[in-house]
Structures are given as C-alpha cells and as structure tokens.
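Asker: Structure provided below as structure tokens; questions to follow.
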C-alpha cells in the first residue's frame, strides 16, 4: 500500500523534466528544451528532490552538477521513458504524417556516406521527421546511446556493449592518399617509403585509427605522425604538394584519385573493419526508429 501511495505522488511529466535536467544540467536550457517556463522547471525540481529525498542537482558555477544518486538514475530513467513512449506509440508508423526528431551520432565520414541519400529519402517520404546530428569519439557515441542522449549511432565499434544492438552497413578497407609526384618511380608505395614519410592522422578526442597502429605494431614498426587533426575536409588539402601520407578508409577518398592526388594500397596488411548502426535494445519496439534504420541500410545498398 505504501508503494501505491508513492506512485500516486509521481507525475510522469516530472520524470520527463528530470531527464531534461540531467541531460542539460541547467534549469533554463532544460526549460527551453521542454518549452516550459523556468519557474515551472524549478518547481518540478523541488518536487523531485522531495520525492526522491536527494538534491539531485547541486550548483557548480553556471551549471548544475548531478549528485551520485542522480547519476544512478540516468540509465534507468532513459529506459523507463523509452518504454513508456513505446507503450503509448501507435501500433503502426506512418512516415508521411509522422512528426519526430531523431538524434543521430556519426563522424563526418559517416555523414558523407549516409546523409545525402537519407535526407532525400526523408524529404520525399517523411517530411515531418527531423534529424539532430552530433559528432563524438567512438566511446562518446556509444555512451550517448547507452544513456539515451542518442537514438542511433553510425560508426566503427570494435567493442559493442551488451546492452546495444547493431546491424552491419558495410565492410571497409584502408588505402593511402598521397601526392602523385611523390609516388616512387615504379608506381608502388613500399613499406620502407611508407615508414620514411610523415603522416596525417585523423582522430576525434583521442580515438584515432588504432587498426593502423596495431597492424604496424605487429610488424614491429612505427610511423611518424606529423599532424593529427579531427577535421576530414582539410586533410586532402594537406597532402597536395607535400610528402605527407594519409591512410584512411577507401570510401572517404573514392572521388579524390585524380589530379595531384593518387590513391594506392597500403604496403602492409591492415585488417578490414565493419561500419555499423548501433541502438539500445530497449528501443527494439520503436517502429519509427526501426524505419529510420532500415532507410539508412537501403541507402547504403543503393550507394
């Protein structure tokens, strides 16, 4: 009976507000996200503190820092809200009339491969569906899916948490991009030349490309990284007119093997990698998300 009385005190809207507060860690931003007034959110926070017997968020400069109890609530709260959303969702999903915003995490490499076809599909079949694209390290993207901040992530994830589900989009291989004038006279990039030249490394918050380094380590070799940067768009410009080498996935440079630049195979074996979509298993009943994932897969097949 005591448990029933506690449940009667809880307004589902309070859980939605708590989710926004834990995500934004700022009353005003949470209010803007929920289209509520700041006093309404502050009042809800006070009720939540009373219900849960914990401050939940404490002042830390210009933001609010979550307490240990609040951090414990993040994952189960996201799961509970997703289950409620699935429970209340219509039995059928109609793309043409749907109004929904999906939060999708991907690198600029993934965006270049996925977004052009996907956006055309959405505008044609589901004009009411919006996308919020974010960019983070591999670990950051998976963490976003785990805590409910991200609906689906597209990327290379060698270690997939057991709470997540994934589907293979394609298998990819590595190639080398270099200035045509710096290719050896025989037209072959050999290992001594590769190791003697400086390299460009694309990385996001330390994620790097560990597959390349592991392959070199197996040969007991190392390369010199002259520049590491998180921006793909400028990388090819750094290669032209220099002796730099960029070792990247083949799809990212398939339109660059002309003019000053040339694409050649690496002079050592780098295992191929898989590019996947990852989402939380608790979202398995979300028909709208399943539809979005399917459209991404179909776009890859067409590409």
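Asker: Among the candidates 112, 80, 89, which residue alone is modelled with pLDDT under 95, under 26 Å from residue 16 (Cα atoms) and surrounded by 14 or more Cβ atoms within 10 Å (Cβ to Cβ)?
Answerer: One residue alone meets the criteria, 80.
Asker: With the condition kept exactly as written, say whether any residue in segment 116-139 is within 25 Å of residue 75 (Cβ to Cβ), free of Cβ contacts under 8 Å to residues at least 12 places away in the same chain and surrounded by fewer than 17 Cβ atoms within 10 Å (Cβ to Cβ).
Answerer: No: segment 116-139 contains no residue that is within 25 Å of residue 75 (Cβ to Cβ), free of Cβ contacts under 8 Å to residues at least 12 places away in the same chain and surrounded by fewer than 17 Cβ atoms within 10 Å (Cβ to Cβ).
Asker: Let me ask another. Against the definition (at pLDDT 90 or above, surrounded by 14 or more Cβ atoms within 10 Å (Cβ to Cβ), in contact with a helix residue (DSSP H, G or I) (Cβ under 8 Å, 6 or more places away or on another chain) and on the phi < 0 side of the Ramachandran plot), how does residue 282 come out, yes or no?
Answerer: no
Asker: Now a separate question. Taking residue 297, is it more than 18 Å from the chain's Cα centre (by Cα), under 25 Å from residue 163 (Cα atoms) and touching a residue at least 24 places away in the same chain (Cβ under 8 Å)?
Answerer: no
Asker: Could you count how many residues in segment 219-246 are in contact with a strand residue (DSSP E or B) (Cβ under 9 Å, 6 or more places away or on another chain) and on the phi > 0 side of the Ramachandran plot?
Answerer: Residues meeting the conditions: 1.
Asker: Which helices (runs of 4 or more DSSP H) does segment 1-63 wholly contain that include 1 or more residues that are over 26 Å from residue 144 (Cα atoms) and modelled with pLDDT under 90?
Answerer: Values: elements: 2-8, 12-24, 27-34, 38-52.
Filter on segment 1-63 gives 2-8, 38-52.
Asker: Also, quick follow-up: When you go through 263, 253, 234, 248 one by one, which is the residue that is closer than 19 Å to residue 113 by Cα and free of Cβ contacts under 8 Å to residues at least 12 places away in the same chain?
Answerer: From the options 263, 253, 234, 248, the qualifying one is 234.
Asker: If we keep just the residues of segment 125-157 that are more than 23 Å from residue 301 (Cβ to Cβ), assigned to a loop (DSSP other than H, G, I, E, B) and in contact with a helix residue (DSSP H, G or I) (Cβ under 8 Å, 6 or more places away or on another chain), which is modelled with the highest pLDDT?
Answerer: Checking each candidate, the answer is 150.
The values are calculated or read from the model by the stated rules, or taken from the named source; none is laboratory data. As the structure is a prediction and not an experimental result, all values here were calculated from the model. Because the Cβ atoms are built from the backbone with ideal geometry, glycine has one as well, and the counts that use them run over all protein chains shown.
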